[in-house]
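Chemist: One structure, as structure tokens, below. Some questions next.
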Amino acid sequence: MSEERSLNFIEEIVEEDLRTGKHNRRVLTRFPPEPNGYLHIGHAKSICLNFGLAQKYGGATNLRFDDTNPVTEDTEYVESIKEDVRWLGFNWANELYASDYFDIIYSFALTLIRKGLAYVDDSTPEEIAAQKGTPTEPGTPSPYRDRSIEENVQLFEEMKDGKYPDGAKVLRAKIDLASPNMHMRDPIMYRIKHAHHHRTGDKWCIYPMYDFAHGQSDSIEEITHSLCTLEFIPHRPLYEWFIEQLEIFPSRQYEFARLNLNYTVMSKRKLLQLVNEGHVEGWDDPRMPTISGLRRRGYTPAAIRDFCERIGVAKRENIIDVSLLEFCIREDLNKTAWRRMAVLDPVKLVITNYPEGQTETLHGENNPEVEGGEGGRDIPFSRELYIEREDFMEVPPKKFFRLGPGLMVRLKHAYIVKCEDFVKDEAGNVTEIQCTYIPESKSGQDTSGINVKGTIHWISVPHAKTAEVRLYDRLFRVEDPANEDGDFKEYLNPDSLQIIQNAYIEDDLTTAVPGKGYQFIRKGYFTLDKHSTPEKLVFNRTVTLKDGWVKK
RNA sequence: UGUCCGAUAGUAUAAGGGUAGUACAACUGAUUUUGGUUCAGUUUGUCUUGGUUCGAAUCCAGGUCGGACAACCA
């Protein structure tokens, strides 16, 4: 009963509001992406926070596209964002767009003009920048700052009516040029852009800026808790100033620290660069920290949600260790992934005392973590097998529990074998390992009394199927590429993708299902890639198994 | 030389005047037909200096360090 997890600071705010009866104890949040790129794991944090908060306190969450800049936005992004949010397991109460409110926001602007709190400014961008002053020096008024209300109304209407070219005029709030907060120094509310909007088409040629759209949209929807990231803290006084002057619903903004992950980059701009310059296959490249990339890589919604829960919510900047993300996906997949065998770097093993031409069918459970194994599959066994090259050492160190001259191992689901000899080519590469097997040691009916420390996986040569296997590693060589000297792309990991053209897999894997995770025993978790076909199977490695083996 | 935000093990995150806890990571050991899983255990922490107090991670003051802010981006 009192076994509750402690609250994060936003939950505390909400509970306090609930306690004091604010907003009739209503909780309405929103997730407000700009449709100008794909969602990444950082957005997942925000999604889980916003939707999770509403779920926990019996509220709801709107999905609202912050589409106030037609030149960078596109419906392609709208669709991918909706797919990602849905895939993560969340349902929005309403699908909304800031552009739905352009008429109301326009009337809000008129209201401020009539109150003498906004004016049309003909200054150039450079002049406006100069007028803002610097953080340590106050700004100076624009020569157009004191136009009459009538003139401002007329000019603003003319802006709307398309009488002026892009950049000729802007609408500015008249606040305080001496404010220590740069955002209060007469911020721009509207700018002219003769651009086609993905939803409103050519209806508008003026578009509101973020600061005069976001808070207004929150207020129109009667959002109770508007959550955003730390960099919007200085915007909050402006957010509240507009609401106060307009006398509209008092939404409140709360800021939390965005998610950073080590060994990757998280800004849309940088991710877009990686895509455009061909460093990755696309937004959904399995090495990308995008939701679509993680999905293609084999991450599950449950694992991502669990991750977002574990990282917490606070106001201090943070860089989360990817090992936590990896822990979350392993924990999920360990319980759900079916076990299969695959040999990625094969070397042949011949069982010299096993009859030539003989085959027998063994059995392996699907998942040992589940009571009863969740069923199983047949595994063909024969005299010649492929095993992993790294599972044999000519001169094994102490505590090497695999094969080497005279050493014994268990073949998973099969017999114990003993290494009697091996063959090398001229170059010194091992080409064949010769073993004898112990017939009484068959898996499940072992009467041999022999105990071996190691168990290895294998594939019967005559029954082997092939597949392409893609092994992924971190995209960058350094923890925080964005903060290194020079271009972040200099720190890309050249070995982030390793393609194995011909891995050997067990026959059963030819019926692998898209979207399902498989554990290749001892090798990691894998899932079918979107480019996989029945003729050419392609598997992505989601994550390796945790490796406790330390070489001495 | 401005304003704002922040500072607790390697990384995150609790403790809201009264035992510094949890997770990941790391390390030991046990179990194991996956060097996986599971289980048991270990190591590592309150930025600093003062003040208030019987008692401070917590409250106050000064400092230090890190971050944000001067797009017709969001």
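The values are calculated or read from the model by the stated rules, or taken from the named source; none is laboratory data. All figures in this text were calculated on a predicted structure; none of them were measured in a lab. Neighbour counts run over all protein chains shown; Cβ positions are idealised from the backbone, glycine included. Surface accessibility is based on the protein's heavy atoms, side chains included, excluding ligands, DNA and RNA. Shrake-Rupley method; radii C 1.70, N 1.55, O 1.52, S 1.80 Å.
Chemist: Within the stretch A:412-433, track down each residue that is within 16 Å of RNA strand B (Cβ to nearest atom) and not hydrophobic (A, V, I, L, M, F, W, C).
Modeler: Scanning the stretch A:412-433 gives A:412, A:413, A:415, A:418.
Chemist: Restricting attention to the stretch A:130-148, does a residue exist that is in contact with a Gly (Cβ under 6 Å, 6 or more places away or on another chain) and not in a loop (DSSP other than H, G, I, E, B)?
Modeler: Within the stretch A:130-148, one or more residues are in contact with a Gly (Cβ under 6 Å, 6 or more places away or on another chain) and not in a loop (DSSP other than H, G, I, E, B).
Chemist: Further question on the same structure: Can you name every residue in the stretch A:1-60 that is exposed (fewer than 14 other Cβ atoms within 10 Å of the Cβ) and aromatic (Phe, Trp, Tyr)? Quick ask: steps written out before the conclusion?
Modeler: Taking the stretch A:1-60 and keeping what is exposed (fewer than 14 other Cβ atoms within 10 Å of the Cβ), we get A:1-7, A:9, A:12, A:15-16, A:19-21, A:24, A:56, A:58.
The one that is exposed (fewer than 14 other Cβ atoms within 10 Å of the Cβ) and aromatic (Phe, Trp, Tyr): A:9.
Chemist: With (1) farther than 21 Å from residue A:532 by Cα; (2) open to solvent by 10 Å² or more (accessible area, probe 1.4 Å); (3) at pLDDT 95 or above as the list, and residue A:269 as the residue in question, which single condition is left unmet?
Modeler: The one condition residue A:269 does not meet is (3).
Chemist: When you check residue A:72 against the structure, is it β-branched (Val, Ile, Thr), out of contact with any strand residue (DSSP E or B) (no Cβ under 6 Å at 6 or more places or on another chain) and either within 14 Å of RNA strand B (Cβ to nearest atom) or part of a helix (DSSP H, G or I) (or both), yes or no?
Modeler: Yes; evaluated as a whole, the condition is true for this residue.
Chemist: Which of the strands (runs of 3 or more DSSP E) contained wholly in the stretch A:471-552 include at least 2 residues that are without any contact (Cβ under 8 Å) to a residue 40 or more places away in the chain and more than 25 Å from the chain's Cα centre (by Cα)? Working first, answer last.
Modeler: Numbers: elements: A:497-505, A:518-520, A:524-528, A:538-543.
In the stretch A:471-552, A:497-505 are the strands (runs of 3 or more DSSP E) which contain 2 or more residues that are without any contact (Cβ under 8 Å) to a residue 40 or more places away in the chain and more than 25 Å from the chain's Cα centre (by Cα).
Chemist: Given A:447, A:455, which one is farther than 19 Å from residue A:346 by Cβ and among the β-branched types (Val, Ile, Thr)?
Modeler: Going through A:447, A:455 in turn, the sole match is A:447.
Chemist: Which condition from (1) surrounded by fewer than 18 Cβ atoms within 10 Å (Cβ to Cβ); (2) in a loop (DSSP other than H, G, I, E, B) is the one that residue A:244 breaks?
Modeler: Status for residue A:244: all satisfied but (2).
Chemist: OK, next. Quickly run through the stretch A:153-184 and pick out the residues that are of a type in the set (D, E, K, R) and within 8 Å of RNA strand B (Cβ to nearest atom).
Modeler: Within the stretch A:153-184, A:166, A:169 qualify.
Chemist: Say whether the condition of being of a type in the set (A, V, I, L, M, F, W, C), assigned to a helix (DSSP H, G or I) and open to solvent by less than 10 Å² (accessible area, probe 1.4 Å) is met by at least one residue in the stretch A:222-232.
Modeler: So far as the stretch A:222-232 goes, no, none of its residues is of a type in the set (A, V, I, L, M, F, W, C), assigned to a helix (DSSP H, G or I) and open to solvent by less than 10 Å² (accessible area, probe 1.4 Å).
Chemist: Just the residues that are more than 14 Å from RNA strand B (Cβ to nearest atom) and part of a loop (DSSP other than H, G, I, E, B), please, taken from the stretch A:103-124.
Modeler: A:115, A:116, A:117
Chemist: Residues that are away from RNA strand B (no atom under 16 Å from the Cβ) and either assigned by TED's automatic domain parsing to the domain that holds residue A:83 or open to solvent by 20 Å² or more (accessible area, probe 1.4 Å) (or both): find the helices (runs of 4 or more DSSP H) completely inside the stretch A:279-339 holding 1 or more of those.
Modeler: Per the criteria, A:291-297, A:301-311.
Chemist: Please enumerate the residues belonging to the stretch A:423-438 that are open to solvent by less than 70 Å² (accessible area, probe 1.4 Å) and either outside the structural domain of residue A:348 (by TED's automatic domain parsing) or without any contact (Cβ under 8 Å) to a residue 40 or more places away in the chain (or both).
Modeler: Pass one, the stretch A:423-438, residues open to solvent by less than 70 Å² (accessible area, probe 1.4 Å): A:423, A:425, A:428, A:430-438.
Correct list: A:423, A:425, A:428, A:438.
Chemist: Here is a follow-up. Do you know which residues across the stretch A:478-532 are surrounded by 14 or more Cβ atoms within 10 Å (Cβ to Cβ) and of a type in the set (Ser, Thr, Tyr)?
Modeler: A:491, A:496, A:504, A:518, A:525, A:527, A:532
Chemist: Under 7 Å between Cβ atoms, which residue pairs at least 6 apart in sequence (or on different chains) link something in the stretch A:133-151 that is farther than 10 Å from residue A:178 by Cα with a partner that is away from RNA strand B (no atom under 11 Å from the Cβ) and open to solvent by 70 Å² or more (accessible area, probe 1.4 Å)?
Modeler: Taking only residues 6 or more apart or on different chains, the pairs are A:149/A:114.
Chemist: Tell me, which residue of the stretch A:533-552 that is within 16 Å of RNA strand B (Cβ to nearest atom), surrounded by fewer than 19 Cβ atoms within 10 Å (Cβ to Cβ) and β-branched (Val, Ile, Thr) is nearest to residue A:381 (Cα to Cα)?
Modeler: Ranking the qualifying residues of the stretch A:533-552, first place goes to A:544.
Chemist: Residue under question is residue A:444, and the condition is that it be part of a loop (DSSP other than H, G, I, E, B), under 21 Å from residue A:379 (Cβ atoms) and touching a strand residue (DSSP E or B) at 6+ places or on another chain (Cβ under 9 Å); does it hold? Can you show your working first?
Modeler: Numbers: part of a loop (DSSP other than H, G, I, E, B): yes; under 21 Å from residue A:379 (Cβ atoms): yes; touching a strand residue (DSSP E or B) at 6+ places or on another chain (Cβ under 9 Å): yes.
For residue A:444, the condition - part of a loop (DSSP other than H, G, I, E, B), under 21 Å from residue A:379 (Cβ atoms) and touching a strand residue (DSSP E or B) at 6+ places or on another chain (Cβ under 9 Å) - is met.
Chemist: When you check residue A:132 against the structure, is it within 19 Å of residue A:206 (Cα to Cα), within 41 Å of the chain's Cα centre (by Cα) and buried (at least 17 other Cβ atoms within 10 Å of the Cβ), yes or no?
Modeler: no
Chemist: So which of A:100, A:84 is outside any loop (DSSP other than H, G, I, E, B) and more than 25 Å from residue A:219 (Cα to Cα)?
Modeler: It is A:84.
Chemist: For the stretch A:210-222, name all the residues that are within 30 Å of the chain's Cα centre (by Cα) and more than 15 Å from residue A:236 (Cα to Cα).
Modeler: Matches in the stretch A:210-222: A:221, A:222.
Chemist: Condition check: surrounded by 20 or more Cβ atoms within 10 Å (Cβ to Cβ) and over 30 Å from residue A:53 (Cβ atoms). Does residue A:97 satisfy that?
Modeler: no
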